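To keep things clear, I will list the structure first and then write my remarks on it.
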Amino acid sequence: MAASEIPAKRVVLGVTAGISAYKAIEVCRRLVDAGVHVAPVLTPDAMRFVGAATFSALGSEPAQSSLFEGSSPIPHTALGQADDLVVVAPATADFLARYAAGMANDLLTATLLATRAPVVVCPAMHTEMWEHPSVRENLATLVRRVVAVVPPGEGPLAAGDVGVGRLAGPADIVAVVLGMLGSSGDLAGRRVVVSAGGTREPLDPVRHLSNRSSGKQGHALASAALRRGAEVTLVTTVSTPMPAHPRLSVVRVDTAAEMEAAMGIESEKADVIVMAAAVADFRPVKVANRKLTKDDGIPDIVLEQTPDILRALVARRRPGQVIVGFAAETDEPLRRARAKRASKGVDLMVVNDVSAPGVGFDHDTNAVTIIAQDAEHEVPLSAKEAVADAVLDEVVELLGRDQGAPRARGEDS
Ligand code: CTP
């Protein structure tokens, strides 16, 4: 890619203490060749493997490794606030643990806490370490925080061992970085609106009717869409916010009525709508304006049906818009979901059998069938992030069938 295509994008290249740190020199050189401004940041132990002088010579500015010894009085905020992306290659198991824990005990981790830019980590370690549950959990935490991972490859490792854990090739790492800088994922330029979580329908000022939805699948969908380059709006009932991201806006709602209003506004310009939220089907007709007490006797709670948000969105679907519904079922999931897809008029209905072990509510895993008009695709029990990507794969295919679909931004290549 020519330098003129990515003017003055700034990348912090983090290098941690792995044998494959020597490959980061190639990453640095290739990024600079592509016209990227590279600020190398080495952890102190990385310099046991590679020299700062090499990175200073090949990078766009002198390599740094200390919170205290450089020319800037606060180097981590200077780096973190100015960058467009941080890539860490290689990322050791120790680094992943410290980053996932939110530590800031060296210049690299402090910079990562001080940045709002997208982050890419490229793990490299021995197979046993790569497969260790603590490494898997730390990576899963980072993926939930919208950190992109360039997974290691398989082949010769240090000390004559062979297996999974080799740092990805410099060309592959650079391709991911340039792709993210140019927002060129397969959803780049698309606007995606995702709803998540269970709605809460108030009975009185302290009580509500709700359901067991955790919002995890919806948030995983929003993260995956961000990783794939989309502009994402997340309409969610979950109070723990997703980490800030330049292409993410979050709308917090509680009730079905609030979700209906927010989805109505946000979906007007959307290319993709994903209703992953568990909308309460019924709400109390009357909401007491003071706490109901036992002195009032057993309340007669009369319920009414909530608006069907998905149906309303389908009714005013704009040309080319792809609409996805979710169905959590316990009885005859496939039969019910097929009928629901047809009656609601959505492009895809993603169904899970929430009575199966490890599936749906409260879990980090899910097993679904994605039902389209002309095909069905089963996704076996997997991390919710993987399920999200499987759903978005189908969405991308549907968008591709509609070549004339409007674009949110014209910057994807
Ligand atoms: N949905 C919605 N508004 C509602 C209820 C559901 O938008 N009031 C959406 C959900 O977000 C989901 C899809 O419709 O994407 C299917 O939800 P589900 O509860 O399975 O469908 P219902 O029509 O409520 O059918 P059921 O009677 O089986 O609950």
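The values are calculated or read from the model by the stated rules, or taken from the named source; none is laboratory data. Not measured: the values here are computed from a predicted model. Here Cβ is always computed from backbone atoms with ideal geometry, including for glycine, and neighbour counts include all displayed protein chains.
Data overview
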quantity: Residue within the stretch 99-106 that is part of a loop (DSSP other than H, G, I, E, B), crowded, with 21+ Cβ neighbours inside 10 Å and not assigned by TED's automatic domain parsing to the domain that holds ALA383 present; calculated: yes
quantity: Verdict on ILE301 being more than 10 Å from the ligand (Cβ to nearest atom), part of a helix (DSSP H, G or I) and on the phi < 0 side of the Ramachandran plot; calculated: no
quantity: Residues within the stretch 267-289 that are under 18 Å from PRO319 (Cβ atoms) and touching a Ser or Thr at 6+ places or on another chain (Cβ under 6 Å), tallied; calculated: 1
quantity: The stretch 18-69: number of residues that are among the hydroxyl-bearing types (Ser, Thr, Tyr) and out of contact with any strand residue (DSSP E or B) (no Cβ under 6 Å at 6 or more places or on another chain); calculated: 5
quantity: Residues located in the stretch 181-227, provided they are under 21 Å from LEU85 (Cα atoms) and either modelled with pLDDT of 95 or more or in a loop (DSSP other than H, G, I, E, B) (or both); calculated: GLY182, SER183, SER184, GLY185, ASP186, LEU187, ALA188, GLY189, ARG190
quantity: Residue in the stretch 340-351 that is within 11 Å of the ligand (Cβ to nearest atom), under 22 Å from GLU385 (Cβ atoms) and modelled with pLDDT under 95 present; calculated: no
quantity: The stretch 135-157 residues that are assigned by TED's automatic domain parsing to the domain that holds ARG247, paired with ones that are surrounded by 13 or more Cβ atoms within 10 Å (Cβ to Cβ) and of a type outside the set (Asp, Glu) (beta carbon under 6 Å, 6 or more apart); calculated: none
quantity: Qualifying residue in the stretch 11-23 (condition: among the hydroxyl-bearing types (Ser, Thr, Tyr), under 24 Å from ALA158 (Cα atoms), outside any helix (DSSP H, G or I) and within 25 Å of the chain's Cα centre (by Cα)); calculated: yes
quantity: So ALA46, is it part of a strand (DSSP E or B) and at pLDDT 95 or above; calculated: no
quantity: Of all residues making up the stretch 282-318, the number that are over 28 Å from the mean Cα position of the chain (by Cα) and either under 18 Å from ALA196 (Cα atoms) or not assigned by TED's automatic domain parsing to the domain that holds VAL395 (or both); calculated: 3
quantity: Qualifying residue in the stretch 365-378 (condition: outside any strand (DSSP E or B), surrounded by 18 or more Cβ atoms within 10 Å (Cβ to Cβ) and touching a strand residue (DSSP E or B) at 6+ places or on another chain (Cβ under 8 Å)); calculated: no
quantity: Check on ASP281, within 16 Å of the ligand (Cβ to nearest atom), of a type in the set (Asp, Glu) and without any contact (Cβ under 8 Å) to a residue 40 or more places away in the chain; calculated: yes
quantity: Any hit, the stretch 55-73, residues being of a type in the set (A, V, I, L, M, F, W, C), buried (at least 23 other Cβ atoms within 10 Å of the Cβ) and within 20 Å of MET125 (Cα to Cα); calculated: no
quantity: Residues of the stretch 306-336 satisfying the condition of being surrounded by 15 or more Cβ atoms within 10 Å (Cβ to Cβ), touching a residue at least 40 places away in the same chain (Cβ under 8 Å), within 12 Å of the ligand (Cβ to nearest atom) and not in a loop (DSSP other than H, G, I, E, B); calculated: ILE309, LEU313, ILE323, VAL324, GLY325, PHE326, ALA328
quantity: Residue satisfying all of: in the stretch 228-278; away from the ligand (no atom under 15 Å from the Cβ) and among the charged types (D, E, K, R); surrounded by the fewest Cβ atoms within 10 Å (Cβ to Cβ) among these; calculated: GLU268
